[in-house]
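The values are calculated or read from the model by the stated rules, or taken from the named source; none is laboratory data. Remember, it's a predicted structure, so these values are computed and weren't measured experimentally. Backbone-built Cβ (ideal geometry, glycine too); neighbour counts: all protein chains shown. Note: accessible area is taken over every heavy atom of the protein model, side chains too, but ligands, DNA and RNA are not part of it. Shrake-Rupley method; radii C 1.70, N 1.55, O 1.52, S 1.80 Å.
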Amino acid sequence: MLWLLLLMSQGMVHFLLRRHWIGQIRLALTLFGLPCTVCTPGVRPAISCSSSHPFRTSQTTRPISTSFCNLYTTSVQTMPSSAAPHVKSRCLEYPGSKIQRFLVPDDKVDWSQNWPQYNPVSYTDPSVLNKPAWADPDIGSFSPKFNTVDGAVDRTSFDGSYKIEEGKPLNPHGRTGVTGRGLLGRWGPNHAADPIVTRWKVDATGEKIYHSVSKLPILQFVSIKRKDCGEWAIPGGMVDPGEQVSLTLQREFSEEALNTLAIPPSERAKISERINKLFKSTGFQVYKGYVDDPRNTDNAWMETVAVNFHDDSGNSVSELPLQAGDDAGQVQWVDVDSSFLLYASHSHFLELVSKERKAHW
């Protein structure tokens, strides 16, 4: 009953009387149940908040043309429901700090809701204010061109056009309780890419192994254990200015799962050949859009493209020795299974991959 006492101490007991009281309880548990893991500044934090992204399932496949790689997608999507406001973006304590967000209930998240009492905290982490190469200057000292490609920086959003208020972009998914950029470098959307590299689990003879319950073949994926948060995740990172997403996907996988930066040039060429072969194959675009991330603020937010590259024959990257690099503490092939916990929305991404590949989940 501790959470209920905390609710009452914050004057939130009236939430329980509302029609949508389930959402309020979820928010309360998120805020007072220590749902977010605090990570070191400048890196992607682990998230233990539960996600509420619904899935739309179908077997209809349609090819899509892109400028960066050969992808296909199905109508199986991890599209956030407009009826489910972001939750992780409203975690009580902003990650990597002691900053407490202004409390935003579910019914006040949307900008269309009039709320004169809204008084968010302004916060930008010192690591961002120190003006590293990956961060924008402060508003006023430069004039960014939002909703377009601004020089080498892509300031467009996968969600479409976002609003600008007093020279600053507004989070398209609503209020977060914090203004400024927090740990994020860019005003507006901060683009990332998550490569999901999979293979079939096979026995000594090379035959697929089937799960005893589902009777479906078992997938394995390359998973890293982050040094900062200690949780298993899909390799991934930020898209550099002017960089094609396909290059980001390949670069992040190479650096985090194969540690190519530490490999001698003579060996690197052989590895690069196999990596290029896999990443030039047709990938399955699992997700493309807004990410409910605790680093998000009213003026800066995360968006990502998650793509599955599958080594169907097992003779591509499957034969390469995995070696943790960059910010990865460990790296290994892991069986895809609903019981294996991952941070952020990565478990949902893997569920979609399993459905697409008709594999065990």
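Summary of computed values
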quantity	calculated
Spread of Cα-to-Cα distances over 10 Å intervals beginning at zero, given as percent, for segment 233-361	11, 39, 38, 11, 1
Entries in LYS277/LYS358; LYS131/LYS227; LYS225/LYS270; LYS98/LYS145; LYS201/LYS358 that, when Cα-Cα distance is taken, lie over 21 Å	LYS277/LYS358; LYS131/LYS227; LYS225/LYS270; LYS98/LYS145
FRET efficiency estimate (nearest 0.05) - Cβ-Cβ, TRP134 to VAL202, R0 41 angstrom	0.50
P(r), alpha carbons of segment 81-357 - 5 Å bins starting at zero, rounded %	1, 5, 11, 15, 16, 15, 12, 10, 7, 4, 2, 1, 0, 0
Projected-area mean, segment 186-271, by convex hull of Cα positions, square nanometres	9.3 nm²
DSSP bridge pairs, segment 81-357: antiparallel proportion in percent, nearest 5	65 percent
Average Cα contact separation per residue, segment 224-311, under 8 Å, 6 or more apart, as relative contact order %	20 percent
With all protein chains modelled, accessible area of THR179 [1.4 Å, Å²]	30 Å²
Per residue solvent-accessible surface (Å²) - segment 81-357, probe of 1.4 Å	43 Å²
For peptides 282-295, 230-243, sequence by mean Cβ density within 10 Å, most packed first	282-295, 230-243
Charged-residue dipole, Cβ positions (Lys, Arg, Asp, Glu), segment 81-357 about Cα centre, Debye nearest 20	40 debye
Surface share of carbon and sulfur [accessible, 1.4 angstrom probe, percent] for segment 81-357	50 percent
Net dipole in debye of segment 177-241 [+1 Lys, Arg Cβ; -1 Asp, Glu Cβ; about Cα centre; nearest 20]	60 debye
Net charge of neighbours whose Cβ lies under 13 Å from the Cβ of ILE275, counting Lys and Arg as +1 and Asp and Glu as -1	-1
